[in-house]
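S.K.: The structure follows.
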Number of protein chains: 2
Amino acid sequence: MPSANLDLIRAINQFNILNSIRIRGAVSRSEIADMTGQSRASVTTITAQMIDKGMIFEKNTEVTGERGRNRVLLALNPDAAFVVGVKLAASKMSCAVCDMQGETRGSIIEYEDFRHKNIDFITGYMEQIIHKTVEKAGLSMDSVSGLGIGVPGVVDSSTGTCHWSPLYDAGDFPLRDRIFEKLNIKTFIENDANTLTLAHQWFGEGKGVDNFLVITLEEGVGLGIMANGQLFRGSRGFAGEMGHVPVAPDGEECVCGKKGCLATVLGAIAIVKQAKRAAENGEWHREGNSEITFSEVIGAAKSGQKELAGILRRAGHHLGVGLSVLINIFNPQKIIISGHGVEAGDLMFNAMEEAVNRHTFSDMLSLTKIIVPEWQHTDWAKGAASLVLQELYKSPFNTIRPVI
Amino acid sequence: MPSANLDLIRAINQFNILNSIRIRGAVSRSEIADMTGQSRASVTTITAQMIDKGMIFEKNTEVTGERGRNRVLLALNPDAAFVVGVKLAASKMSCAVCDMQGETRGSIIEYEDFRHKNIDFITGYMEQIIHKTVEKAGLSMDSVSGLGIGVPGVVDSSTGTCHWSPLYDAGDFPLRDRIFEKLNIKTFIENDANTLTLAHQWFGEGKGVDNFLVITLEEGVGLGIMANGQLFRGSRGFAGEMGHVPVAPDGEECVCGKKGCLATVLGAIAIVKQAKRAAENGEWHREGNSEITFSEVIGAAKSGQKELAGILRRAGHHLGVGLSVLINIFNPQKIIISGHGVEAGDLMFNAMEEAVNRHTFSDMLSLTKIIVPEWQHTDWAKGAASLVLQELYKSPFNTIRPVI
DNA sequence: TTAGTTATTTAATCACTTTAATTATAATTA
DNA sequence: TAATTATAATTAAAGTGATTAAATAACTAA
């Protein structure tokens, strides 16, 4: 247990100031003092240090026309630090370089099958894509303050160990340290749904929201939980295994052995599987014999293929039932739905909405906003980058590399 | 936002020291320094103040036979403070006086129907029971440092307002302030399941466990959530509305309008309702015509009444399904089952266990212990008392009344 | 121009922990 | 038995970050 000493209070106050500036965009010293509860003198001292380090700068003086001296607005220097985020998925890897404000300064996505591949192949690939992305952003590796990696599966972020992942069969693997050895950059790893949840807390729909959930629709279904402003990981990082919540008691058998898990109707794998069956049964007349992709199914459904549209509606319905369970248990302010599965659009989400409305006590439902924001592939990598940004804001003076 | 200053670090360090003593029972200054990370000098200073105030005392010197000066063990003075907890239920009120170590020093339970009663009647009743219990414990009201109240329903503990309760139809009600006006004792209110969860964290099965759930089986079903060592209340205090999680899609209609909610099969109300139907159908041959009570149903079921045993087994089964959902989502270290509903015993819990085993991925299940501790009526009031003890430990010097 | 108002900075002070030195008390060793 | 070693607890001095109060800066209104 670390003791509370002067270092701690300095860290807290620095964080609060930096965060106030981030949240407000540009803000004066007096306002910071009011927001953080610190004395004006103290704000002057700390902001002076931050200006000195190049983390923030005096943007302009605000002319309000009110009496008294005008406020000098302070703003973040977006170039104060750059961080890299990498998202590892079954069939692709994406990488993004973000600045201090969470803006993407360069990104790359590459398609490759990583399932059952050698671990060295994956870490090597990662090293390459990082170099390429940093170069694309016009930066050198020296200017990178940290690296965040989002991994599907169960991850112990404190030890940097990957315990289990759908990607490979190996046991515990020290991913963080292995990457650090290669690049010599401070590295953080985390479950992918959690990185996205953090990204929303810092830069997205979760700004200023203490309790929200993030549903990720990819190959499977993921859940990120923000509780009391903190990421909730469960006792061993297993929290949020939404996929195996039973929603259809008379449904199909799941890989886990149970029947009617959410994972059997929702997520790209389940949807493609159902589409394949429809094609085999002749309910979906399909040209050619190539492997069915998720995008293809969505496209056909949107073009009016009734059977496929039904599959999406059913998926939406069950998602809605699952959400109603979550709303009852968590009473979140927001539920944010992300992942490339949102491509399914209204076909899925109308059915979802209907199911949520039907299955949730209206008093509770009225407290929860369900949001499907615009989705980009690189959001995942940006999420991984936020993992570092978070650490950076927490102890900026220790983490930020000097701007050369 | 409160700024981080010297007061904060003192509060944190005091809390950590007091808590170390509480957890270990009796512990030396050096060990405290090691546990909390503080310097020995600092521990000496702070513990001296605490001894001065009568909060802790030098219990004895530990003779280990090791080299060097013997350690002086410090222990909590249980009489340093007394707190009162009151639990309000539909048909009873219980009250307990606890000491600094959470030991019950006196308790009273009284049966009375509080449904749809005047609020003044309830607060008046509360005032009386508190006076009686304090007297029974051999104490005066002056020696009471604080009062905690556990209320079924939705409570905003920060404002002390009771927003909604199954007990009465009135709207928002400032219960905390109303009681404070009567007794002039620092008062805290909280949802009843949450008080029990706190009690477990501080003095029960949740000691040292960061992530656990408490299921309360009373008239209905309640859920208390401990996430990252913090009570999780949701965005408006509605979190943990477990009762309306759907578990039996083809089940009975619930008061909330949906079908097959957990509340339709579990909890005293639902079970008595089902028993009543069994009696009406002639499946349960019952003497007399009095109102059926929960205890009577349990008794008859345990004596071999097959239909009633079936009702309990079904309830246990659905509870098990509900728990499997919770395990998937929360991955808790423990699930603690409490409330007078545990009287149902093995009849219910065997079925529960079977359902949990069947519906939960075994890798996840192995991480969660499900516990049904011994249950006493006054545990509720003790829970409410912990609400105050928690505050007391947090800022001991401000809250503890001088011992006269 | 002057008074009033707000923003920011500076200087002095305070409160807390830490480090280093010191005292206290025990077992071990010669 | 006396010196040595080890551990516990205390004390004194030093360091540090926030706060308060006073000073300065920069503006508006009259």
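S.K.: Can you give me the ranges of the helices (runs of 4 or more DSSP H) entirely in segment B:237-343 with at least 3 residues that are within 14 Å of chain A (Cβ to nearest Cβ) and within 30 Å of B:Ser94 (Cβ to Cβ)? Step through it out loud before you land on a result.
M.R.: Working: elements: B:268-280, B:294-302, B:306-330.
Filter on segment B:237-343 gives B:306-330.
S.K.: Kindly indicate whether B:Ala4 is farther than 22 Å from B:Asn60 by Cα, away from DNA strand D (no atom under 13 Å from the Cβ) and surrounded by 14 or more Cβ atoms within 10 Å (Cβ to Cβ). Walk me through it before giving the result.
M.R.: Working: farther than 22 Å from B:Asn60 by Cα: yes; away from DNA strand D (no atom under 13 Å from the Cβ): no; surrounded by 14 or more Cβ atoms within 10 Å (Cβ to Cβ): yes.
Answer is no for this residue.
S.K.: Of the numbered conditions (1) without any contact (Cβ under 8 Å) to a residue 24 or more places away in the chain; (2) surrounded by fewer than 20 Cβ atoms within 10 Å (Cβ to Cβ), A:His116 satisfies every one except a single condition; which is it?
M.R.: Tallying (1) without any contact (Cβ under 8 Å) to a residue 24 or more places away in the chain; (2) surrounded by fewer than 20 Cβ atoms within 10 Å (Cβ to Cβ), A:His116 fails exactly one: (1).
S.K.: Could you tell me how many of the residues in segment B:245-278 are over 23 Å from the mean Cα position of the chain (by Cα) and either of a type outside the set (Val, Ile, Thr) or surrounded by fewer than 21 Cβ atoms within 10 Å (Cβ to Cβ) (or both)?
M.R.: Residues that pass the stated criteria total 22.
S.K.: Tell me which of these A:Leu183 doesn't satisfy, since it passes every other one: (1) away from chain B (no Cβ under 13 Å); (2) within 25 Å of B:Asn228 (Cα to Cα).
M.R.: A:Leu183 satisfies every listed condition except (2).
S.K.: Which of the residues spanning segment A:35-70 are assigned to a loop (DSSP other than H, G, I, E, B), within 14 Å of chain B (Cβ to nearest Cβ) and more than 9 Å from DNA strand C (Cβ to nearest atom)? First the steps, then the outcome.
M.R.: Step one: list which residues in segment A:35-70 are assigned to a loop (DSSP other than H, G, I, E, B), which gives A:37-39, A:54-55, A:63-70.
Then keep just the ones that are within 14 Å of chain B (Cβ to nearest Cβ); that gives A:37-39.
Listed by number, the residues that qualify are A:Gly37, A:Gln38.
S.K.: When B:Thr133 is evaluated against the numbered criteria (1) away from chain A (no Cβ under 14 Å); (2) among the polar types (S, T, N, Q); (3) within 16 Å of DNA strand D (Cβ to nearest atom); (4) out of contact with any Leu (no Cβ under 8 Å at 6 or more places or on another chain), which criterion, by number, is the only one it fails?
M.R.: Evaluating B:Thr133 over (1) away from chain A (no Cβ under 14 Å); (2) among the polar types (S, T, N, Q); (3) within 16 Å of DNA strand D (Cβ to nearest atom); (4) out of contact with any Leu (no Cβ under 8 Å at 6 or more places or on another chain) leaves (3) as the failure.
S.K.: Looking at A:Val83, is it touching a Cys at 6+ places or on another chain (Cβ under 6 Å) and on the phi < 0 side of the Ramachandran plot?
M.R.: Working: touching a Cys at 6+ places or on another chain (Cβ under 6 Å): yes; on the phi < 0 side of the Ramachandran plot: yes.
Against the criterion (touching a Cys at 6+ places or on another chain (Cβ under 6 Å) and on the phi < 0 side of the Ramachandran plot), A:Val83 qualifies.
S.K.: Kindly establish whether A:Ala90 is more than 14 Å from every other protein chain (Cβ to nearest Cβ), touching a residue at least 60 places away in the same chain (Cβ under 8 Å) and at negative phi.
M.R.: Working: more than 14 Å from every other protein chain (Cβ to nearest Cβ): yes; touching a residue at least 60 places away in the same chain (Cβ under 8 Å): yes; at negative phi: yes.
Yes: the conditions hold for A:Ala90.
S.K.: Looking only at segment B:135-160, which residues are among the acidic types (Asp, Glu) and in a helix (DSSP H, G or I)? Don't jump to the end; show me each part of the working.
M.R.: Restricting attention to segment B:135-160, the residues satisfying the condition of being among the acidic types (Asp, Glu) are B:135, B:142, B:156.
The answer is B:Glu135, B:Asp142.
S.K.: All but one of (1) surrounded by 24 or more Cβ atoms within 10 Å (Cβ to Cβ); (2) over 16 Å from the mean Cα position of the chain (by Cα); (3) charged (D, E, K, R) hold for A:Arg233, so report the exception by its number.
M.R.: (2) is the only condition that A:Arg233 fails.
S.K.: For segment B:61-81, which positions are within 11 Å of DNA strand D (Cβ to nearest atom) and either under 29 Å from B:Val134 (Cβ atoms) or in contact (Cβ under 8 Å) with a residue 60 or more places away in the chain (or both)?
M.R.: B:Leu74
S.K.: Pick from segment B:24-34 the residues that are within 12 Å of DNA strand D (Cβ to nearest atom) and not charged (D, E, K, R): which of them is nearest to A:Ser3 (Cα to Cα)? Spell out how you get there, then give the answer.
M.R.: Our first condition is that a residue be within 12 Å of DNA strand D (Cβ to nearest atom); within segment B:24-34, this holds for B:26-34.
Adding the requirement that they be not charged (D, E, K, R) leaves B:26-28, B:30, B:32-33.
Numbers: B:Ala26: 20, B:Val27: 18, B:Ser28: 17, B:Ser30: 14, B:Ile32: 11, B:Ala33: 9 Å.
Taking the candidates together, the pick is B:Ala33.
S.K.: I would also like to ask the following. Pick out the one residue from A:Met93, A:Met100 that is surrounded by 15 or more Cβ atoms within 10 Å (Cβ to Cβ) and either modelled with pLDDT under 95 or under 30 Å from B:Arg40 (Cβ atoms) (or both).
M.R.: A:Met100
S.K.: Give segment A:152-195 a look and list any residue that's closer than 24 Å to A:Gly106 by Cα, of a type in the set (A, V, I, L, M) and touching a Lys or Arg at 6+ places or on another chain (Cβ under 8 Å), or say none.
M.R.: The answer is A:Ile189, and nothing else.
S.K.: As an exercise: evaluate B:Leu167 against (1) surrounded by 17 or more Cβ atoms within 10 Å (Cβ to Cβ); (2) at pLDDT 95 or above and give the number of the one condition it does not meet.
M.R.: Here B:Leu167 meets the rest and fails (2).
S.K.: Right, something else. State which residue is surrounded by the fewest Cβ atoms within 10 Å (Cβ to Cβ) when the search covers only segment A:21-34 and only residues that are in a helix (DSSP H, G or I) and either of a type in the set (Val, Ile, Thr) or away from DNA strand C (no atom under 12 Å from the Cβ) (or both).
M.R.: Our first condition is that a residue be in a helix (DSSP H, G or I); within segment A:21-34, this holds for A:21-24, A:29-34.
So of that shortlist, the ones also either of a type in the set (Val, Ile, Thr) or away from DNA strand C (no atom under 12 Å from the Cβ) (or both) come out as A:21-24, A:32.
Values: A:Ile21: 22, A:Arg22: 20, A:Ile23: 12, A:Arg24: 15, A:Ile32: 24.
Applying the filter and picking the extreme gives A:Ile23.
S.K.: Please determine, by comparing only the residues of segment A:190-220 that are touching a residue at least 60 places away in the same chain (Cβ under 8 Å) and among the aliphatic types (A, V, I, L, M), which one is surrounded by the fewest Cβ atoms within 10 Å (Cβ to Cβ).
M.R.: Top of the filtered list is A:Val209.
S.K.: Considering only residues that are within 13 Å of chain B (Cβ to nearest Cβ) and out of contact with any Pro (no Cβ under 9 Å at 6 or more places or on another chain), which ones fall in segment A:12-23? So that I can check it myself, show each step before the final result.
M.R.: Within segment A:12-23, the subset within 13 Å of chain B (Cβ to nearest Cβ) is A:12-17, A:19-20, A:23.
Within segment A:12-23, A:Ile12, A:Asn13, A:Asn16, A:Ile17, A:Asn19, A:Ser20, A:Ile23 qualify.
S.K.: Right, something else. State all residues of segment B:58-89 that are surrounded by fewer than 21 Cβ atoms within 10 Å (Cβ to Cβ), of a type in the set (D, E, K, R) and under 30 Å from B:Gly106 (Cβ atoms); if no residue qualifies, say none.
M.R.: Correct list: B:Glu58, B:Lys59, B:Asp79.
S.K.: Moving on. Would you check if A:Asn13 is buried (at least 19 other Cβ atoms within 10 Å of the Cβ), without any contact (Cβ under 8 Å) to a residue 40 or more places away in the chain and within 15 Å of DNA strand C (Cβ to nearest atom)? Talk me through it step by step, then tell me what you get.
M.R.: On the way: buried (at least 19 other Cβ atoms within 10 Å of the Cβ): yes; without any contact (Cβ under 8 Å) to a residue 40 or more places away in the chain: yes; within 15 Å of DNA strand C (Cβ to nearest atom): yes.
Taking the combined requirement at face value, the residue satisfies it.
The values are calculated or read from the model by the stated rules, or taken from the named source; none is laboratory data. Fair warning: this is a prediction, and the values are worked out from it, not measured in the lab. Positions of Cβ are generated from backbone atoms using ideal geometry, with glycine treated the same way; all protein chains shown enter the neighbour counts.
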